[in-house]
Amino acid sequence: MTIKDIAKLSGCGVTTVSRVLNNRPDVSEETRRKVMTVVEQYGFMPNTNAKHLKQQAGSSIAIIVKGTQNLLFAELVENIQTLLREADQDVAVYYLDEDANEVTYALRLSRERRPRGFLFLGGDLDQFKESFAPITVPSVLLTNSAEGLEFENLSSFTTDDEQAAEQVIELLVKLGHHNIGVLGGNLSSTQISYRRLEGCKKACERLHIPFDAEQQCEQCRYSMPDAYAAAERLLLRRPDLTAVFALSDVTALGAIRAFSDMGKRVPEDISVVGYDGVVTGQYSLPRLTTIRQDTKRLAEQGVDSLLRGFMRNGHPIHEMVPFQLVSGESVAKIG
């Protein structure tokens, strides 16, 4: 398969396909999704620089990132690359659509480029259960827990998403909010978002706050345009909501814009809490209240575990990294 074939199958131009494959930012999310769907379906592997690939084969560490607009992952990639370069390790970064199968992609990389190890940013545990076994090099999953999978070459480091979500609900209830919406993410049981929703449910039950997931939750991809549309749907369905917990900061920022365009002030008319603690949220208007994940520590522990794996030193590690509930300006007391 060539780039021309991808262009024909996706309905995009050859130049546009090239920009997508080179992770250029000047491509719409819809176009990127069309191209990556074809790439994933047909297993296309770019081969435009054979010399570079030959040099990298068997020596580089592959970072596989699920989602092209997740600001948390951008911070993680930057930290990881810095640490690996300091350790004299070559790095190759691969961005996938957030609905792609990252393990299948890693298997193809194993055959084509033979990386020394894998760092997965984000992941669907079902895909690891079904397909990870043939991967034999040291690997680390960040922002999801692989503890129950029992692969000897797969460690994981993540935030306690359930506990963090409970703290968000506790804060909102303390400020008088009883009608709370949840926005964003894929809520299937093996996804990160599911654990955050479970934390919301547990906190509401413990605090005797009514919560109807079918009415008060709206799923969406981790992008501002998708979050904008989902926030509109959620508020039109439940205009009585006084607060929304967005399951990522990107989702929160899209929601704030949507609420503003609907004539709602944040936080005077509706409060918004995010999740991730990315830098952008601290410069938004209003400044975002959020759960801050420790990207520096996640990167450090992930890289350390991977490097020790190269030396066959010890067993896989599965740990929770502390989080922090950061107060901003996007939440207000009511009643």
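The values are calculated or read from the model by the stated rules, or taken from the named source; none is laboratory data. Note that the structure is predicted; figures quoted are calculated from it, not measured. Cβ coordinates were reconstructed from backbone atoms using ideal geometry, including for glycine residues, and neighbour counts include every protein chain displayed. Accessible surface areas use protein heavy atoms only, side chains included; no ligands, DNA or RNA. Shrake-Rupley method; radii C 1.70, N 1.55, O 1.52, S 1.80 Å.
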For the table Lys174/Lys296; Lys201/Lys296; Lys66/Lys296; Lys4/Lys129, the rows whose alpha-carbon distance is greater than 27 Å are Lys174/Lys296; Lys201/Lys296; Lys4/Lys129
Pairwise centroid distance, computed over Cα atoms, of the stretch 129-152 with the stretch 210-275, Å: 33
So what J values fall out for the stretch 144-151 if you push phi through Karplus, 6.51 cos²θ - 1.76 cosθ + 1.60 with θ = phi - 60°, rounded to Hz, Gly and Pro as x? 8, 9, 9, 4, x, 8, 6, 8
In the stretch 101-173, which GluC sites (Glu not before Pro) fall in coil by DSSP and have 13 or fewer other Cβ atoms within 10 Å? Glu150, Glu152
Nearest 10 degrees, 0 to 90: helix 71-86 Cα axis against the chain principal axis: 40
Nearest-ten-degree value, helix 102-112 long axis tilted from longest Cα axis of the chain: 10
Please sort by residue number the trypsin sites (Lys or Arg not before Pro) in the stretch 264-328 whose DSSP state is loop and whose Cβ has at most 10 other Cβ atoms within 10 Å. Arg312
Using DSSP, restrict attention to beta bridges with both residues in the chain and report what percent are antiparallel, rounded to the nearest 5. 10
Checked against the structure, the computed percent of Cα pairs over 39 Å apart among (i) 16; (ii) 8; (iii) 13 is the one labelled (i)
Go through the stretch 154-159 residue by residue and turn each phi into a ³J(HN,Hα) via Karplus (6.51, -1.76, 1.60, θ = phi - 60°); whole Hz please, and just put x for glycine and proline. 10, 9, 8, 9, 8, 8
Solvent-accessible area of Met311, probe 1.4 Å, all protein chains present, reported in Å² to the nearest ten, please. 130
Cα to Cα, under 14 Å, and not fewer than 8 places away if on the same chain: which aspartates and glutamates meet these conditions relative to Lys333? Glu170, Glu268, Asp269
Quick one: what are the phi-derived ³J(HN,Hα) couplings along the stretch 195-208, Karplus 6.51/-1.76/1.60 with θ = phi - 60°, whole Hz, x for glycine and proline? 5, 5, 5, 4, x, 4, 4, 4, 5, 5, 5, 5, 9, 6
Which lysines, on any chain, are close to Lys8 with Cα under 17 Å apart, when same-chain ones fewer than 8 places away are left out? Lys34
